[in-house]
1. Filter the stretch 43-59 down to residues that are part of a loop (DSSP other than H, G, I, E, B) and without any contact (Cβ under 8 Å) to a residue 12 or more places away in the chain and give me whichever is farthest from Asn97 (Cα to Cα).
2. List the residue pairs whose Cβ atoms are under 9 Å apart, where the first residue sits in the stretch 74-86 and is farther than 15 Å from Glu39 by Cβ and in contact (Cβ under 8 Å) with a residue 12 or more places away in the chain, the second is of a type in the set (Ser, Thr, Tyr) and surrounded by 14 or more Cβ atoms within 10 Å (Cβ to Cβ), and the two are 6 or more positions apart or on different chains.
3. Quick one: which of Pro81, Pro104 is surrounded by 10 or more Cβ atoms within 10 Å (Cβ to Cβ) and not in a strand (DSSP E or B)?
Amino acid sequence: MLKKVLILLALVIPTVFLCTILVMNQSNLGSKKHFEQKEYLVEGMTCKACEFKIKNTLNGKYVSVESVDFETKRIVLHLDPHKKNLSLLNSDLVDQNYVLKKLPKQTLKVIDYNIKIN
């Protein structure tokens, strides 16, 4: 009899636990998360320790920090564009005096345009 009760408990307890987790995360079931890679300039970084602070501040449910580079002052993020945008990211960083800005558009500069006709 005790053996049957233990077997029953071994089956019921994990089942109840897993069902509870599923019910709590019901809004996330079946939804496709569309994460995009974005690169920004970071203003306010003064040392290598800033990389660690920024990573810890931004990593979360809708943002994953791929890299932060003090030398180039750039950050690469994977984020859900429907949940996080540039202004929301900056509001997360405002307490630490960092500001993310869009990268300037790259342009070509004509240096020399001599045309020779034979």
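Each reported figure results from applying straightforward, stated rules to the coordinates on display, with no laboratory input. Just so it is clear, the model here is predicted, and its values are computed rather than measured. Glycine also receives a Cβ, built like all others from the backbone with ideal geometry; neighbour counts cover every protein chain displayed.
1. Our first condition is that a residue be part of a loop (DSSP other than H, G, I, E, B); within the stretch 43-59, this holds for 44-48, 59.
In the following step, the residues that additionally are without any contact (Cβ under 8 Å) to a residue 12 or more places away in the chain were identified as 46, 59.
Numbers: Thr46: 11, Asn59: 17 Å.
The extreme case among them is Asn59.
2. Note: pairs meeting the criteria are Asp80/Tyr62; His82/Tyr62; Lys83/Tyr62.
3. On the way: Pro104 fails: surrounded by 10 or more Cβ atoms within 10 Å (Cβ to Cβ).
Testing whether each residue is surrounded by 10 or more Cβ atoms within 10 Å (Cβ to Cβ) and not in a strand (DSSP E or B) leaves just Pro81.
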